[in-house]
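Novice: I'd like to ask you about the structure that follows.
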């Protein structure tokens, strides 16, 4: 069984999932606006450019989610702001925003797991009979 995820990793994953869902909906909305314009051979209206601008929002959510998962302090601050902005969106936004806030406030104190580096000898190991005869790798091949 794998170890339990830290709360801030859960918050980062929730924001990244939300960004993926937003991408799907925004692409569908942009396609619904642009499709008829191409069919009628008309020039794009300013609403098309506004809709394309809204595609930047999921990118922002992705970057904040990644920063939270990497335990960066600015990611936590922006994540808390995003969680607060989600709260008025009853019922789903309230649930997601509350969960993100709970994960970021409750579990941020814990330090991220340090990667354990394998022990590497500081000096090359040489055969006791052949000291000073080159590298230990070549010594092993000659044996």
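Novice: Do the conditions hold for residue 119, that is, is it under 17 Å from the mean Cα position of the chain (by Cα), surrounded by fewer than 11 Cβ atoms within 10 Å (Cβ to Cβ) and modelled with pLDDT under 60?
Specialist: Answer is no for this residue.
Novice: If you scan segment 83-95, which residues turn out to be part of a helix (DSSP H, G or I) and surrounded by fewer than 18 Cβ atoms within 10 Å (Cβ to Cβ)? Break it down into steps so the answer makes sense when it comes.
Specialist: Taking segment 83-95 first, the residues part of a helix (DSSP H, G or I) are 83-86, 92-95.
84, 85, 92, 93, 94, 95 - these are the residues of segment 83-95 that are part of a helix (DSSP H, G or I) and surrounded by fewer than 18 Cβ atoms within 10 Å (Cβ to Cβ).
Yes or no, residue by residue, for (1) out of contact with any helix residue (DSSP H, G or I) (no Cβ under 9 Å at 6 or more places or on another chain); (2) modelled with pLDDT under 90; (3) more than 30 Å from residue 109 (Cβ to Cβ); (4) surrounded by 13 or more Cβ atoms within 10 Å (Cβ to Cβ):
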{"position": "4", "(1), (2), (3), (4)": "yes, yes, no, no"}
{"position": "8", "(1), (2), (3), (4)": "no, yes, no, yes"}
{"position": "15", "(1), (2), (3), (4)": "no, no, no, yes"}
{"position": "47", "(1), (2), (3), (4)": "no, yes, yes, no"}
{"position": "51", "(1), (2), (3), (4)": "no, yes, yes, yes"}
{"position": "54", "(1), (2), (3), (4)": "no, yes, yes, yes"}
{"position": "65", "(1), (2), (3), (4)": "no, no, no, yes"}
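Novice: Considering segment 43-82 alone, what residues qualify as being part of a helix (DSSP H, G or I) and in contact (Cβ under 8 Å) with a residue 60 or more places away in the chain? Step through it out loud before you land on a result.
Specialist: Let us first name the residues in segment 43-82 that are part of a helix (DSSP H, G or I), namely 46-53, 56-69, 73-82.
Across segment 43-82, the qualifying residues are 68, 69, 75, 76, 79, 82.
Novice: Pairs under 6 Å by beta carbon, first residue farther than 20 Å from residue 69 by Cα in segment 88-108, partner assigned to a helix (DSSP H, G or I) and at pLDDT 90 or above, six or more apart or different chains?
Specialist: Cβ pairs passing all conditions: 93/86.
Novice: Among the listed residues 98, 79, identify the single one that is loosely packed, with under 15 Cβ neighbours inside 10 Å and within 12 Å of residue 11 (Cβ to Cβ).
Specialist: Answer to the check: 98.
Novice: Criterion first (at pLDDT below 60 and surrounded by 10 or more Cβ atoms within 10 Å (Cβ to Cβ)) does residue 139 satisfy it?
Specialist: Yes, satisfied.
Novice: Right, next: Hey, among the residues in segment 23-36 that are touching a helix residue (DSSP H, G or I) at 6+ places or on another chain (Cβ under 7 Å) and more than 24 Å from residue 79 (Cα to Cα), which one's modelled with the highest pLDDT?
Specialist: Per the stated criteria, the residue is 29.
The values are calculated or read from the model by the stated rules, or taken from the named source; none is laboratory data. All values derive from a computational prediction rather than experimental measurement. Note: ideal-geometry Cβ built from the backbone for every residue, glycine included; neighbour counts use all protein chains shown.
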